[in-house]
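Below you'll find the structure, written out as structure tokens, and then a few comments.
Read the figures in this text as sums done on the coordinates, not as results from a lab. Predicted, not measured: the structure shown is a model, and the values here were computed from it. All Cβ positions, glycine included, derive from the backbone under ideal geometry; neighbour counts span all protein chains shown.
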Amino acid sequence: MPHAVLPHPPRWLSAAQLHPRPTETVLDWLFDQGSLTRRLIALSADHFSVSPLLEGWQSLRHDECQALGVAAGSQGWVREVYLRGHDRPWVFARSVAARSALEGSGFDLSLLGSRSLGELLFSDQAFARGPIEVTRYPAAWLPAEVREEQLWGRRSCFVRGDLVVLVAEVYLPALWAEIGGQTHAGNHA
């Protein structure tokens, strides 16, 4: 399903550009440089899973083409998944790579299935992570069952030679509820 064209595309911002600034907890999750998958596994006490929603060749969105440094309207591999904790969708993730960079790279995103792309990227030392940018992710770009305005999302590019994989992660309300519950429970422990 093609993504809605928005009248005002999102502005992806660095930590320094965020005004007003979110809470320290939100900032910590948005700008953490480590593996989100590993952090979610720990938060869920190993009750973590990946649910693929969509995978295939598509025309990439304008903001994705810009981030990948390819021509507008370029084709790319798109993978959308839920990262789940305790079987609840905690994060919506959308990963894309340009067809021109993927072909001949030896990196086949179609083989991931229910494995975490993030875990693969973090375990391959050849990939370098670029800066993290954040935005209030457009509700129109989210799956219908989690569509909500003003959810925080982040993205960063993972680069290996000519291959660039853009990974965007949108933090869903169930994750913030879990973090709040853990924080709350931790105050009384």
Can you sort 95, 51, 114, 35 by how many other beta carbons sit within 10 Å, fewest first? 114, 51, 35, 95
Computed label-point distance, nm, for sites residue 49 and residue 145 using a 7 Å Cα→Cβ extension: 1.1 nm
Residue among 140, 101, 16 with the largest mean-square fluctuation in a Gaussian network model of the chain, springs linking Cα atoms under 10 Å: 16
Zone of residue 26 (label point 7 Å along Cα→Cβ, backbone N under 13 Å): which residues in segment 137-166? 137, 149-154
Which value, to two decimals, describes the C-alpha radius of gyration of the chain once divided by 2.2 N^0.38 Å? 1.01
Suppose only helical runs count, i.e. DSSP H with n ≥ 4. What mean residue ellipticity at 222 nm does that imply for the chain under -39500 (n - 2.57) per run, divided by all residues and rounded to the nearest 500 deg cm²/dmol? -7000 deg cm²/dmol
Order these by the 10 Å Cβ neighbour count, fewest first: 25, 37, 135. 25, 135, 37
